[in-house]
Amino acid sequence: MIEWFIHDRFATKVEKLATGDPSYLELQQQFEPETWLANAAHRVSQLQVVTHSLKAIHPDAKGTNLYVEPGPLVQNGLVGSHCLPADFQGDVVGNAAALDVYKFLKLEWQGRSLLGLALDFDEVLIDALSQDREKAKSWMRAFASITEPKGKPSSHVRGKQIYWLVGDDPTDNESYHLLAPLYATALTHRFYAQVSPNAWFFGDHNKAARKALKDKAPFEGGYISYPNLAAQKMGGTKPQNISQLNSERGGQNYLLASLPPNWESREIYAPMREPFRAFKRRPAVRKIVDELKRFLEVGPAKNMHTRDLRDDLTVMLVDELMLFTFDIHSLTPGWTTDEKCQLAPEEQYWLDPGRADEDGEFAEARRRSDWHAAVSSRAAIWLNRELGHKSRLHFGDAEHHRWERQFEGVMTEFRRQLNDLQDALRDEEDMEALA
């Protein structure tokens with residue numbers, strides 16, 4: 001298994017090289033099993049497997065991360081990391097270039113990962129690593145160290161710190177412990193997998209349960225629902241900077257509603273013409289556009305920090321466009337049939353998808369249209385115009401394409417999810433008609 005993994009990585013590296021190429025021969029030496037294992041045991045120090053991480057608190061925080069097995073934790077009636085099963089998935093922080101080492105440690109033999117075997121100092125793994133037992137033990141200790149904190153325990157000015165009263169006198173400094181909360185990333189990933197709408201809403205069991213509820217019929221097994229979920233984004237456009245699991249989720253994390261909402265109601269009006277004019281009237285949109293304009297007018301240095309901040313502000317604007325879209329979708333379907341509506345067809349397909357349920361011709365035209373691409377292009381044109389309004393900024397095709405790519409990435413995924421939801425609801429109606 002170990003030799004297979006190393007050979008597979010070697011084959012990937014040399015697939016475009018001729019066997020006589022000097023680079024091929026160099027890689028061949030690097031991927032000799034003992035050579036690669038020695039190098040992996042050295043590079044593993046650049047990674048740490050964690051269950052609780054600091055960067056999720058703040059991406060620039062530098063300090064201690066922890067790996068804590070759930071089994072020994074105190075079991076109580078609250079939901080916490082102690083609830084994780086034995087096969088929970090640990091997260092990884094550190095140098096992304098060394099992640100192949102972690103992939104190696106995730107390999108399983110007889111139902112156990114190589115990392116688990118290394119942590120138990122398993123004799124079978126020692127024999128498999130090398131015929132030189134001392135060398136194998138040294139590598140195993142290095143691999144097992146991936147779960148250990150790096151350096152002395154420390155927090156950071158950008159981490160959270162709480163003074164917790166443990167004595168009786170709040171005026172006595174010695175009566176406090178200083179706590180440094182970490183983010184339970186392993187628990188978050190398990191939670192995300194369970195509450196994601198793709199996991200529970202579209203399942204056959206829940207579809208049958210919803211039909212029974214609608215028919216007021218008994219149903220065995222209950223029904224799962226997570227109303228009023230909030231989405232928390234971590235890492236902006238660089239979710240991999242937080243952790244591996246955060247990157248796998250695209251930076252998305254779900255939060256349960258812990259309090260009843262207390263929203264200020266506002267009337268939603270149908271944008272009968274120029275939807276981006278209505279979009280601009282949203283206070284959050286004006287604030288983000290003004291902040292992006294001020295930032296660009298300063299003429300910031302062309303470096304990674306500048307690009308990240310610019311991209312983060314654009315992502316916030318894209319999120320606001322999604323909220324605007326959801327608000328308009330709450331209107332009664334078919335509002336675009338009003339004779340006062342002057343929206344282009346693509347804008348109608350975008351903002352009035354419910355009309356497709358009653359208008360077959362509209363539904364077919366919408367299905368064939370690349371409306372998400374057209375809307376993304378218009379959003380980019382609108383943003384270029386807003387940033388250049390009463391400003392010395394002048395943007396051309398390059399900036400338009402940059403904004404368009406960011407809008408279109410989200411709009412394409414939004415269209416896919418919307419189509420999936422409409423298909424699911426349509427399937428339910430078909431089932432009801434057959435019943």
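The values are calculated or read from the model by the stated rules, or taken from the named source; none is laboratory data. Being a predicted model, the structure only gives us computed values, none of them experimental. Using ideal geometry, Cβ is built from the backbone for each residue, glycine included, and neighbour counts are taken over all protein chains shown. The accessibility values were calculated without ligands, DNA or RNA, using every heavy atom of the protein model including side chains. Shrake-Rupley method; radii C 1.70, N 1.55, O 1.52, S 1.80 Å.
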> Roughly how big is the chain's charge dipole about its Cα centre, with Cβ charges of +1 (Lys, Arg) and -1 (Asp, Glu), in debye to the nearest 20?
Replying inline: 1480
>> List residues of segment 14-45, by number, whose backbone nitrogen lies under 13 Å from a label position 7 Å along Cα→C-beta of LEU107.
In response: 32-38, 40-41
> Can you give the accessible area of ASP370 in Å² (nearest 10), computed on protein heavy atoms with a 1.4 Å probe?
Replying inline: 100
>> Leaving ligands and nucleic acids out of the surface, order ARG273, ARG307, ARG9 by accessible area at 1.4 Å, largest first.
In response: ARG273, ARG307, ARG9
> Under 5 Å between amide H atoms, partner at least 5 residues away or on a different chain: which partners does VAL50 have, H built in plane at 1.01 Å?
Replying inline: ASP91, VAL92, VAL93
> When the accessible area of the chain is split by element with a 1.4 Å probe, what percent falls to carbon and sulfur?
Replying inline: 52
>> Return the Rg/Rh ratio of segment 65-175 with Cα-based radii and a Kirkwood Rh.
In response: 1.10
> Cα to Cα, under 19 Å, and not fewer than 8 places away if on the same chain: which lysines meet these conditions relative to LYS216?
Replying inline: LYS207
> What percentage of all Cα-Cα pairs in segment 1-42 are separated by more than 11 Å?
Replying inline: 62
>> Students often get this wrong, so check it: of LYS233/LYS340; LYS106/LYS238; LYS103/LYS135, which have C-alpha atoms separated by over 28 Å?
In response: LYS233/LYS340
> When Rg is the radius of gyration of the Cα atoms in segment 304-385 and Rh is its Kirkwood radius, what does Rg/Rh come to?
Replying inline: 1.07
> Which number comes out as Rg/Rh for the chain once both Rg and the Kirkwood Rh are worked out on C-alpha atoms?
Replying inline: 1.03
> When you take every Cα atom in segment 116-271, what is the radius of gyration, and what is Dmax, the widest Cα pair distance, in Å?
Replying inline: 24.6, 75
> Over its Cα atoms, what ratio of radius of gyration to 2.2 N^0.38 Å does segment 195-249 give?
Replying inline: 1.63
>> Show me, for segment 318-326, the HN-Hα J-couplings you get by feeding each phi into the Karplus relation (A = 6.51, B = -1.76, C = 1.60, θ = phi - 60°), rounded to Hz, glycine and proline as x.
In response: 4, 4, 5, 5, 5, 5, 4, 4, 5
> Could you give the nm distance between label points at ARG286 and ASN76, where each point is 7 Å from its Cα heading toward the beta carbon?
Replying inline: 4.7
>> Can you give me the accessible area per residue for the chain, using a 1.4 Å probe, in Å²?
In response: 61
